[in-house]
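The values are calculated or read from the model by the stated rules, or taken from the named source; none is laboratory data. These figures come from a predicted structure and were not determined experimentally. Reconstructed Cβ throughout: ideal geometry from the backbone, glycine too, with neighbour counts over all protein chains shown. The area values use the complete protein model at the heavy-atom level, side chains included, leaving out ligands, DNA and RNA. Shrake-Rupley method; radii C 1.70, N 1.55, O 1.52, S 1.80 Å.
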Amino acid sequence: MNRYRKLNRREVLRGVLGGTAVSIALPVLECFLNESGTAYAATGQELPPVFGTWFWGLGLIPQLWVPKTTGSAYELPEHLSVLAPVKSKINLYSGTQVFLDGKVNQNHFSGAQCQMTGVVSRNGSDYTTSLDSLVADHIGKRTRFRSIEVSCDGNRRSTWSARGEYGMNPAEISPAVLYTKLFGPDFRDPNSAEFTPDPGVMVRRSVLSGVSEQRRALMARVSATDRSRLDQYFTSLRDLETQLSVELERPIPLPACSQPVALVEADEDIGTLVEQTRKTHKQFAQLLAHATSCGQTQVFNVALGSSFSPLRKPGEPTAYHQLTHEERIDPQLGYQPTCRWLAERQMEFLVDLIQALDSIREGEGTLLDRSLLFAYTDHGEARLHSMKDYPVFTAGRAGGRMKTGFHLSAQGDSATRVGLTIQQALGMNAGNWGTETNNASKVFSEVLA
Amino acid sequence: MWPRLKAPILRTGASLLAMASLIVPQGSFAAADAAGSVYLVRLTPSQYERSILDVFGPGVQVTRNTVGTGFRDEGLLAIGTRRIAITSAEMQQYEKLAQGISKQVVDPRRRDTLVGCKPRSETAPDASCAGSFFEKAGLFLFRRPLSKVELDLFLATHTEAATQLGSFNAGIAAALSQMLVAPEFLFRLETTEPDPARPGMQRLDAYSAASRLSYLLWDSSPDAGLLAAAKSGRLQTTEGLQQQVERMLMSPRMEHGVRAFFTDMLGFDGFATLSIDSTLYPRFTKNVLEDADEQTLRTIVDQLLIRNNPYGELFVTRQTFLTPALAAVYGVPLPRSQELGGAVPWVPYEYPEGDPHIGLLGQASFLSLNSHPGTSSPTLRGKALREKLLCQKVPAPPANVDFSLVQDVNNPVYKTARQRLTAHATEATCAACHKITDPMGFALENFDTAAGFRRAERGEPIDATGSLNGRDFNGIHELAKVLKDAPATASCLINRTFSYGTQRQPSREERAWLTGLQREMATGGIRWRELLRRITLHPNFYSVPDTAPAVAARVEGPAAVSN
């Protein structure tokens, strides 16, 4: 039983969905949250956790980012100084690696695949259920959207979120479109005193149920090779039915919920220049923070872009990915200067997202306090497609289950150890995670509260 | 990105639904045969849109179709459609699209035409009127007659929704939405049946064969004539099949098919993420980005369908279509008096003899799509030539390679891309692949990233010599001629066409058959309609997936792009 799964609904709503729309006035309790802001005062149940992933391409400059000491008293190296404003709210993991177990290193793919799925596959087609989907199955079934995926480089395929075989979740690339999806006409303010179950939504759910009922007949006829695909179709259909059911329930009041400033297409500047990406990312960050605070979803995935990062410095003819392979290492500095500059800009973007979550007050805490953000990349050293020394971050306290402000060294363990720690922090019953040598059974217990 | 549904060059007719009553007998179809196995082929975004447009007519728009393109397998997104499922996020999008379409269908301006009858009451269900509509719409959307169970389901949905919402239209919209999110619409369900000619073997049933044919030739649902041929069984006779194929080959809908095929083969989905630095190349505007693939598709439709020229002509033709934005990039003074009118001022244009912007290779859709944002890339262009046009595989770069020399554009010694690549390729691990790609790509070095012509790079004259399989060339004209005549060019087109149509790689036996086909067609060159005629009239085109070899495993990763 998932303890976050469902809060008690007002019994008076029972039975009203038989055909007649009704308005029900339920006052928002002024002291809805307890004093610490971590739970509903009325029920004592905790505010549900939020899980987000954040992918950035091409890692960091290898010799510059690892702090000299571990623990909570570490100092951020200059390369990571942009993280100073959020240092106490994040954990930094060094010394992780991804084991190939004899498989070919698929550049810019295998590393991120392993961190998100626990698996290194022989080829790119074998990408299956990702960490966010496992988490969503645990915590995200009772929200309007099971998860939200966004990409900031205009590429829908810049996503590492998947459910089932060949089930990549395409990313939303337009902040304006996402705004409408989240806060457009279908948005129901959870704090509204009035609640009217929408008969149109009832019909939509009934339409889907009718299709679901045909499942058995079709599954009996489908070829063995396509059975799992058809099964996934029906699973997706059921997910949508469940989400529509959520829309028919009176939303749980969330006092911290507020709608963001409306976005239209004219507000967008989607592109791969650093400032364009930053603007798009900031817009998405605001939307996701408001969406989670309003209970629209509990799981989101942000990709700054493709792992072959197309990010560009203004006036620079070559994009980031090419630069990692082609920019000369400055003999005086000992690193690729433009690559360093671009890596640091990406860390600034991470700060933008963390601060967006932290800016929403919930009682005495913030939305970030009940969130857990997982930031990962594709290579330790992109220039050489290295599978070692991946920089990994988490942010947020997962409702008090994670401590923050630590630098932890994995001392050569698989990067999947972070994913396992995340699952346990979110209350999932996972004793180990990953395959072959990437099977992790040891968590970072220092940060689990 | 799939082909945008811009105004086609060729005129197509009214909606299938509007014509259905003239051709198709109403309400008399037998239930779908439930005996065979079912295989799933997911509709591409383009096929989804085209099917809706053809069934309901141009008044019904598919707005904001953001469903993903899937992934490319063995060079084609089409092959990936046999492997991708539908995720929760995509299902949400499909449901949204279904609602939008249904709403438009019951719009008072078109409901009576599309539904084809008037209800007894606007505020209550009407099973008789609704049922006749569902039978017609279901026939085209499911590409076969509805079974009684299906029809009963849609009628039940109609009755429930119309009663609950007090609206006949709402009942129609609900049941139509149900059809549009059903697996029978979102996937092509290829159904098999025992093959009477080969005891113990299976073949596609007639409706599945009709769909396979229709989506290859027209990128859309079968029309009433094709479905009627499937129903009567004539489609499974030699004569009946010939009759249908000939009819379809002459239809204006062929334009959609050829556009969809080349959009996939040439990788135009890459335009969705193409970024050319407009500060370095101010002429490469947003308009150029929007027009680039359309220029190529118009050229292809013109050469292959309207002029019936052989495929090889695409590489050497001086005839094309331009917009003012493209003309600026190519340095062509476009006479505006030639404008055809309409929203997009496309102008047919013939380059003078000797102009470098000839054929597909001289167009932005090839030159810019296969470049870096700020610099040209003989490697990317050579790779695209090999993989997209010759169907040859170029291995991915190995890990642990130092690329530093390649594009240090400020290097005082290596000023041109050729000099930098030559220095880089002296490393043994790099040389093997660069030998495959670069010599072809060098021949296009007279074109910068934005497809503009140049004679020098940073003051150094460009050397545009290259070679392919022992044939040397200098510049685009000679490269184009070599490609036009190369047997691999024709073989690639033939193999890709078969794979695209069947969504799988040909088996060894089928490859032998396709090679024979290439030999037979060698004399006059490969003409599009003739190629499709020969492929679609052959039993191999209708083979069942399980009897064909397994789809090869190597595919691109979810976030992979050209390296």
Tell me whether segment B:245-309 comes out rounded, prolate or oblate; compute the Cα gyration tensor, take square roots of the eigenvalues as a ≥ b ≥ c, and use a/c under 1.5 as the rounded threshold. prolate
Please express the shape of segment A:223-271 as an equivalent ellipsoid: the semi-axes are the square roots of 5 times the eigenvalues of the C-alpha gyration tensor, given largest first in whole angstrom. 35, 23, 7
Taking the Cα atoms of segment A:191-340, report the difference between the largest and smallest coordinate on each principal axis, in whole Å and largest first. 67, 51, 27
Go through B:474-484, B:107-117, B:214-224 and give me the packing order, highest mean Cβ count within 10 Å leading. B:214-224, B:474-484, B:107-117
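Over segment A:252-405, what lengths in whole Å, largest first, do the semi-axes of the equivalent ellipsoid take, defined as the square roots of 5 times the eigenvalues of the alpha-carbon gyration tensor? Could you put the intermediate results ahead of the total?
Values: eigenvalues 212, 77, 26 Å².
Equivalent ellipsoid semi-axes, largest first: 33, 20, 11 Å.
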Once normalised by the length of segment B:90-226, the mean sequence separation of its alpha carbon contacts under 8 Å that are 6 or more apart gives a contact order in percent of 23 percent
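Just to be sure I understand: of the beta bridges DSSP finds with both ends in the protein assembly as shown, what percent are antiparallel, rounded to 5? Can you show the working numbers first?
Working: 41 of 63 bridges.
Beta bridges within the protein assembly as shown, antiparallel portion: roughly 65 percent.
Residue A:403 to residue A:88: extension gain in nm, 0.36 nm per residue of separation minus the Cα-Cα distance?
Numbers: separation 315, 0.36 × 315 = 113.40 nm, distance 0.95 nm.
Using 0.36 nm per residue and subtracting the Cα-Cα distance, I get 112.5 nm.
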Taking a ≥ b ≥ c as the square roots of the eigenvalues of the Cα gyration tensor of segment A:121-189, is the shape rounded (a/c under 1.5), prolate (a/b larger than b/c) or oblate? oblate
Simple SL model, points at 7 angstrom along Cα→Cβ for residue A:217 and residue A:265; separation in nm is 4.1 nm
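Using the beta-carbon distance between residue B:148 and residue B:123 and R0 = 22 Å, what value does 1/(1 + (r/R0)^6) give for FRET efficiency, to the nearest 0.05? Please report the intermediate quantities before stating the final value.
Working: r = 28 Å, r/R0 = 1.26.
Once rounded, the FRET efficiency stands at 0.20.
Using a probe radius of 1.4 Å on heavy atoms only, what accessible surface per residue do you get for segment A:136-232? Whole Å² is fine. Numbers along the way, then the final one.
Numbers: 3290 Å² over 97 residues.
Here the residues of segment A:136-232 average 34 Å² of exposed surface.
Taking beta carbons within 10 Å but only from partner chains, what does the mean come to for residues A:316-322? Working shown, then result.
Details: counts 5, 11, 9, 6, 0, 3, 9.
Whole-number average of other-chain Cβ neighbours for A:316-322 is 6.
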Principal axes of segment A:333-384: Cα extent on each, largest first, Å: 47, 18, 12
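Mind giving me the FRET efficiency for residue B:61 and residue A:103? R0 is 56 Å, r the Cβ-Cβ distance, nearest 0.05 is fine.
Working: r = 46 Å, r/R0 = 0.82.
After rounding, the FRET efficiency stands at 0.75.
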Sorted peptide list for A:190-196, B:313-319, criterion being average Cβ within 10 angstrom, highest first: B:313-319, A:190-196
Please enumerate, by chain and number, the lysines with C-alpha under 20 Å from the C-alpha of residue A:68, excluding those fewer than 8 residues away in the same chain. A:87, A:89, A:388
Limiting things to C-alpha atoms, what are the Rg and the maximum Cα-Cα separation (Dmax) for chain A, in angstroms? 22.3, 76
Compactness ratio of segment B:220-358: Cα Rg over 2.2 N^0.38 Å, N = residue count? 1.33
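Tell me: how much accessible area in total is hidden between B and A, 1.4 Å probe, Å², nearest 100? Don't skip to the answer; put the middle values down first.
On the way: alone 23750 and 19180 Å², together 36710 Å².
For B against A, buried area totals roughly 6200 Å².
Give me the mean projected area, in nm² to one decimal, of the convex hull enclosing the Cα positions of segment B:97-255. Walk me through the numbers before you get to the answer.
Details: hull surface 41.6 nm².
That works out to 10.4 nm², a quarter of the Cα hull's surface.
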Give me the log10 of I(q) over I(0) for segment B:144-194 at q = 0.16, 0.17, 0.31 Å⁻¹, as the Debye formula computes it from C-alpha points; what are the numbers? -0.51, -0.55, -1.13
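Students often get this wrong, so check it: of B:103/B:388; A:282/B:96; B:286/B:435; A:279/B:435; B:286/B:388, which have C-alpha atoms separated by over 30 Å? Numbers along the way, then the final one.
Numbers: B:103/B:388 41 Å; A:282/B:96 27 Å; B:286/B:435 35 Å; A:279/B:435 42 Å; B:286/B:388 25 Å.
The answer is B:103/B:388; B:286/B:435; A:279/B:435.
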Just to verify a number: FRET efficiency for residue A:122 and residue B:238, C-beta to C-beta distance, R0 = 45 Å, to 0.05? 0.55
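Between beta-carbons, use under 13 Å as the cut-off and find the net charge around residue B:184, counting Lys and Arg +1, Asp and Glu -1. Write out the running numbers ahead of the final one.
Details: positive: A:215, A:221, B:42, B:143, B:144, B:188; negative: B:150, B:190.
With Lys, Arg at +1 and Asp, Glu at -1, the neighbours total +4.
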Extent along principal axes [Cα atoms of segment A:163-273; Å; largest to smallest]: 50, 45, 21
Kirkwood hydrodynamic radius (C-alpha pairs) into Stokes-Einstein, segment A:252-328, 25 °C and 0.890 mPa s, D in µm²/s: 168 µm²/s
How many nm separate the modelled label positions at residue B:393 and residue B:522, each set 7 Å beyond the Cα in the direction of the Cβ? 2.7 nm
Quote the relative contact order of chain A in percent (integer), defining contacts as alpha-carbon pairs under 8 Å separated by 6+ residues. 30 percent
Relative contact order (%) - criterion: Cα under 8 Å, at least six apart; region: segment B:44-83: 33 percent
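Just to confirm the filter: which trypsin sites (Lys or Arg not before Pro) across segment A:320-371 are DSSP coil and have at most 16 other Cβ within 10 angstrom of their Cβ? Don't jump to the answer; show the numbers that get you there.
Values: sites: A:328, A:340, A:345, A:361, A:370; in loops: A:328.
Counting only loop positions with at most 16 other Cβ atoms within 10 Å, the trypsin sites (Lys or Arg not before Pro) in segment A:320-371 are A:328.
With the Cα gyration tensor of segment A:330-449 giving a ≥ b ≥ c as the square roots of its eigenvalues, does the rule (a/c under 1.5 for rounded; else a/b larger than b/c for prolate; else oblate) give rounded, prolate or oblate?
Numbers: a/c = 2.69, a/b = 1.22, b/c = 2.20.
Judged from the Cα gyration tensor, segment A:330-449 comes out oblate (a/c at least 1.5, b/c at or above a/b).
Which number do you get for Rg(Cα) / (2.2 N^0.38 Å) in segment B:63-138?
Details: Rg = 17.6 Å, N = 76, 2.2 N^0.38 = 11.4 Å.
The value comes to 1.54.
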Could you pull out every residue, at least 5 positions away or on a different chain, whose amide H is within less than 5 Å of the one on residue A:59? Hs are placed 1.01 Å off N in the peptide plane, and Pro or chain starts have none. A:378, A:379
How many nm is it between the label spots at residue B:453 and residue B:422, if each spot is 7 Å from the Cα in line with the beta carbon? 2.5 nm
Using all Cα-Cα distances in the protein assembly as shown, what percent lands in each 10 angstrom bin from 0 up to the longest? 2, 11, 19, 23, 21, 15, 7, 2, 0
Please calculate the 1.4 Å probe accessible area of residue B:504, with all protein chains present, and give it to the nearest 10 Å². 10 Å²
